[in-house]
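**Q** Would you mind keeping the following structure in view while I ask a few things?
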Amino acid sequence: MRVFGIVGWKNNGKTTLLVRLVEHLTRQGLSVSTIKHAHHECDVDQPGKDSFRHREAGATEVLLATSRRWMLVHELRDEPEPELSELLGKLAAVDLVIVEGFKRHAHPKIEVHRKERGTPLLAHEDRSIVAVASDEPIPDCPVPVFDLNDIEVATAIVLRSVELDTRA
């Protein structure tokens, strides 16, 4: 499975770039899945709903199925957080998986950087970052820097990095 990442510090625009990439790549006919890593507690299930009640009762996994989608919730309880490779193994086969977060893993990545945030550049330390999407020039950057609004360049970097050709 081809995997590419979008990384950066909080509130730098990772999700915005990821969503634009998914839209652009799927319009080109590619099948794309995503994995989002969160460092905070998050619950997609709502208190009072039957599926929430199943989980609260002790179910390890709850699969919710409707006529439009299905969702599997796995409760870790006292298990350690799964590795990215384990999570990738749970996905159906697609042309590309774009991962938001998991910045310490070695898959190729674009870093999203905004001047106003003032966060340190990950690309100085992480050799798996292949480019930086930024709203400012970064003269000392060890990898190419492009405008964070240039989805064409971002797409080209992703496709080249995972050796995926969209020409039919």
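**Q** Is one or more of the residues making up the stretch 81-90 in a helix (DSSP H, G or I), among the acidic types (D, E), more than 13 Å from the chain's Cα centre (by Cα) and closer than 27 Å to S51 by Cβ?
**A** Our first condition is that a residue be in a helix (DSSP H, G or I); within the stretch 81-90, this holds for 84-88.
Applying the additional criterion that residues be among the acidic types (D, E) yields 86.
If we keep only those that are more than 13 Å from the chain's Cα centre (by Cα) as well, we get 86.
Imposing the further condition that a residue be closer than 27 Å to S51 by Cβ reduces the set to 86.
Checking the stretch 81-90: at least one residue is in a helix (DSSP H, G or I), among the acidic types (D, E), more than 13 Å from the chain's Cα centre (by Cα) and closer than 27 Å to S51 by Cβ.
**Q** Look through the stretch 129-150, keep the residues that are surrounded by fewer than 17 Cβ atoms within 10 Å (Cβ to Cβ) and touching a Lys or Arg at 6+ places or on another chain (Cβ under 7 Å), and return whichever of them is nearest to T34 (Cα to Cα).
**A** D135
**Q** I've got another one for you. Applying the selection to the stretch 1-25, what residues are among the β-branched types (V, I, T) and closer than 12 Å to V97 by Cα?
**A** Listed by number, the residues that qualify are V3, I6, V22.
**Q** If you don't mind, there's one more thing I want to ask. Among what's in the stretch 1-35 and is out of contact with any Leu (no Cβ under 7 Å at 6 or more places or on another chain) and among the hydrophobic types (A, V, I, L, M, F, W, C), pick the residue that is farthest from H113 (Cα to Cα).
**A** Only one residue tops the list, namely V22.
**Q** While we're here: Quick one: in the stretch 129-165, of everything that is touching a residue at least 40 places away in the same chain (Cβ under 8 Å) and small (G, A, S), which residue is nearest to Q28 (Cα to Cα)?
**A** Checked the stretch 129-165; the qualifying residue nearest to Q28 (Cα to Cα) is A154.
**Q** Now for a different question. Of these, A92, A106, which one is hydrophobic (A, V, I, L, M, F, W, C), surrounded by 11 or more Cβ atoms within 10 Å (Cβ to Cβ) and modelled with pLDDT of 90 or more? Reasoning before the result, please.
**A** Details: A92 fails: surrounded by 11 or more Cβ atoms within 10 Å (Cβ to Cβ).
Every option except A106 fails the conditions.
The values are calculated or read from the model by the stated rules, or taken from the named source; none is laboratory data. For clarity, every value in this text was computed on a predicted model and none was experimentally measured. Quick reminder, even Gly has a Cβ in these numbers, built from the backbone with ideal geometry, and neighbours come from all protein chains shown.
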